[in-house]
Amino acid sequence: MKKIITLFILCSLTAASAQNSSTERADRLFDKLWYKEAAVLYENEVKKLENGKPIVSQEQRQEYFRVLKRAGDSYYFNTDMKNAYRFYDKLVSQFNTEIPAEYLFRYVHTLEGTDKYRDAKYWMKEFANRTENSDMRSEEFSQTKLKIEDILALEPRFLLKNLSLNTRYSDFGAMYYNGQLVYSSVDSSYFHTRLYQWNKQPYLNFFIGNLDGMESDATQVGEFSKEINTKYHEASLAFSPDESVVYFTRNNYNGKLGRDGKGTNNLKLYRAERSTGKDSSFAWHNIKELPFNDDSYSVGHPSVSPDGKQLYFVSDMPGSIGETDIFVVDILDDNGNIDYSKPRNLGDNINTTGREMFPFVTEKALYFASDGHLGLGGLDVFESKIQDSIFEKPSNLGAPLNSDLDDFAFIVNEEKNKGFVSSNRLSGKGDDDIYSFIRENITCEQRIRGHVSNTVTGETISNAKLVLCGENGKIIDSTLSDINGRYNFNRILPCAAHFNIEVSKEDYDPKDKAVITLAQSGETVVPLGLAHKLIVEEDGLQKIKINNIYFDLDKSDIKPGQATEELNKVVKIMNEYPDMHIKIESHTDSRASDAYNLALSDRRAKSTRDYIISQGIASDRIESAIGYGETRLLNHCSNGVKCTPEEHHMNRRSEFIILKKITQE
């Protein structure tokens, strides 16, 4: 193309807007989306500014900053990642703290596009750090769950073949029709008179090709429809299940170009109906734009659901999450009178703050291209399986289907496991090529196992209940941890899939953990930790935390009731952890004399120890029971300081400090 799909101005045409600067001509070309010509001028300007001399003035620095961005963008928007990298690399190294986070995102894609995956991983994390809580892409780019290495390690499932119909220009967006293949390609008849200045190529029209018997190759037959094709861009189409209706993307053109308030000619979706002539030939008529189009935003990339009742498409309309999102409308047929529901955004499970494009929906899954989900570079193809009408978290389909550049416009025959995808990978014939593929049904199976332990003490926890759920919250399997804290789910699971494990046990705070199974067959080991409600860590010490024990005034004996109920909690924990050793410390507030408080607290500590021993705990597991009186106050309420009863109450306490515990296996 070389970047018809960039920024979803796939076919957009923009009026010029000049800037008063030394790079006025380059800016005019850039604003008109004539990126190839603009790139040359910006590159020359960078050389002039560098010119072997240091850039010292603030004015020079600002201009250098701006021109580096424009030079990088000019190449980036034409998918020339090698040259875009040269300028983004200078931008990041010299203006690291000044550049917007979006330029780190673009820099990452140029690194991936030039096979610098180790550097890309670092800058993905830097992008995630800068955009934390402000950009949906930051969670995936932080790689705390799925890593770029996991995608690279996916077992190859696709065998690709470059089609014979591809030219040295842009060929992409294949769709099945009447046993043939309809796709977008350049109209070479206009080559010498009408070039699309973005990439110096002719405008796009729809063409039709014949498939061979294996559906692995196709040759061009000719123009798809003279009624639909115009002198501007037509690209990306979808048919109703009976192929009597076609939806297609076109420039906002109905005899003349329509523009928004900024002079941009956006994309629109159109609908046409098929008619049969006397010679049994097909023609397309009643061409109408869809009612949710608007001059102020773009709409395109249609896909019709298998039952013909829904239309998926891409737009940057108000309500979009990112640069371009996938939307859906219901197709409402009232005795032949067609209408559409209000567009619905597919939400943040599918859409990101980046670009989601080229949807294709089957009964089993939604396939789409995205640069906002974690991928190998540029647009990658993702699969979101459909369960109970809910789209699951998308999975990257991996190499070789996806490459370090743009891969998009994926369609598949689910029964035959055959289909087509478009890509501008460097091994192709032209800017964008169409590839056929065979999808292998590789059996990749995973099981989940692990152990459950106390997050504070490290001791293993038996009889914990574990529940495995799918992303939609549906329970898949459940089990209990054994005497050693180990657990195994019996259910065989797919690889590189998202799940959630819920773990709980009485007297422990419940916990859930998101899990992604490994990309290759085997086991995914998931250690889980539970925090006992009564075991805490304070100031580096592990303690059994119970409510205060109340003694009668000037007394130290343990009375049945509140005191025994609390101490029985200590007994229960020590029975649960038979290797646990503790020491007991008793403290008072500062009221009464120092000597009195010291003696009283020591009697109470030893009385507490005796009660615990009386309940069956071996005496050698309590290494000491000492009273410290008012020598270790928690606040300022020392002798002579006026304090409230509540402040004094903070200092009256018994502490059970854990000294010995078993280690985690």
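The values are calculated or read from the model by the stated rules, or taken from the named source; none is laboratory data. Computed from a predicted structure; not experimentally measured. Note: ideal-geometry Cβ built from the backbone for every residue, glycine included; neighbour counts use all protein chains shown. These area figures cover heavy atoms from the full protein model, side chains too; ligands, DNA and RNA do not enter into them. Shrake-Rupley method; radii C 1.70, N 1.55, O 1.52, S 1.80 Å.
According to the Kirkwood expression over distinct Cα-Cα pairs, how big is the hydrodynamic radius of the stretch 532-610, in Å? It would help to have the intermediate numbers written out before the result.
On the way: mean 1/r = 0.0722 Å⁻¹.
Hydrodynamic radius (Kirkwood, Cα pairs) of the stretch 532-610 is 13.9 Å.
When the trypsin sites (Lys or Arg not before Pro) in the stretch 561-619 are filtered for DSSP coil states and for at most 15 other beta-carbon atoms within 10 Å of their beta-carbon, the remaining sites are ARG591. Sequence-ordered 3J(HN,Hα) estimates for the stretch 296-309 from the Karplus curve with 6.51, -1.76 and 1.60 and θ = phi - 60° stand at 8, 8, 9, 9, x, 6, x, 8, 9, 5, x, 8, x, 9 Hz, glycine and proline given as x. Working from Cα pairs under 8 Å separated by at least six residues, relative contact order for the chain is 9 percent.
Measuring nothing but how far apart in sequence close Cα pairs (under 8 Å, 6+ apart) lie, relative to its length, the stretch 292-409 scores a relative contact order of 19 percent. Using the Cβ-Cβ distance between THR144 and ASN568 with R0 = 51 Å, the FRET efficiency computed as 1/(1 + (r/R0)^6) comes to roughly 0.80. From the alpha carbon centroid of the stretch 611-662 to that of the stretch 112-155 is 49 Å.
Solvent-accessible surface of the chain, taken per residue with a 1.4 Å probe and all protein chains present: 45 Å². Only protein atoms count toward the accessible area here, which uses a 1.4 Å probe; on the chain, the carbon and sulfur part of that area reaches 48 percent. Expressed to the nearest 5 percent, the antiparallel share of DSSP beta bridges inside the stretch 539-660 is 65 percent. Temperature 10 °C, viscosity 1.306 mPa s: under these conditions the Stokes-Einstein estimate for the stretch 412-485, based on its Kirkwood radius over C-alpha pairs, is 92 µm² per second.
Relative contact order, whole percent, for the stretch 575-665 stands at 48, derived from Cα pairs under 8 Å and 6 or more residues apart. Scan the chain and hand back the longest stretch that contains none of the chymotrypsin sites (Phe, Trp or Tyr not before Pro) lying in DSSP loops with at most 14 other Cβ atoms within 10 Å. Longest stretch, sites excluded: 192-549. When the Cα atoms of the stretch 38-162 are aligned to their principal axes, the ranges along those axes come out at 52, 41, 21 Å in descending order.
Hey, with R₀ at 45 Å, roughly what FRET efficiency would GLU502 and ILE613 work out to, going by the Cβ-Cβ distance, to 0.05?
0.70
Pairwise Cα distances in the stretch 234-330 exceed 24 Å in 25 percent of cases. Couplings 3J(HN,Hα) of the stretch 140-154, computed from phi: 6, 6, 5, 6, 6, 10, 7, 10, 4, 5, 5, 6, 5, 8, 4 Hz, in residue order, whole Hz [Karplus 6.51 cos²θ - 1.76 cosθ + 1.60, θ = phi - 60°; x for Gly and Pro].
The 3J(HN,Hα) values that the Karplus relation (6.51, -1.76, 1.60; θ = phi - 60°) gives for the stretch 313-328 are, in residue order, 7, 10, 7, 10, 5, x, x, 6, 7, x, 5, 9, 10, 9, 10, 9 Hz. Gly and Pro appear as x. The listed residues LYS393, LYS545, LYS342 rank as LYS342, LYS545, LYS393 when sorted by accessible area, largest first, using a 1.4 Å probe.
Across the options ASN547, LEU49, SER320, the greatest Cα extent toward the positive end of the charge dipole of the chain (unit charges at beta carbon of Lys, Arg, Asp, Glu) belongs to LEU49.
Send over the Kirkwood Rh of the stretch 445-527, from the inverse of the averaged 1/r over different Cα pairs, rounded to one decimal Å. One over the average 1/r among Cα pairs gives 12.9 Å for the stretch 445-527.
Could you tell me what % of all Cα pairs in the stretch 360-425 have separations over 17 Å? It works out to 37 percent of all Cα pairs. The spread of Cα positions in the stretch 460-613, taken along each principal axis and listed from longest to shortest, comes to 70, 26, 26 Å. About its Cα centre, the chain has a charge dipole of approximately 1080 debye under the convention of +1 per Lys or Arg Cβ and -1 per Asp or Glu Cβ, with nothing else charged. Helix content alone sets the calculated 222 nm mean residue ellipticity of the chain: runs of n ≥ 4 DSSP H residues at -39500 (n - 2.57) each, divided across all residues, give -6500 deg cm²/dmol. Ellipsoid semi-axes for the stretch 514-556, based on the Cα gyration tensor and the rule √(5λ), read 46, 10, 7 Å when sorted largest first.
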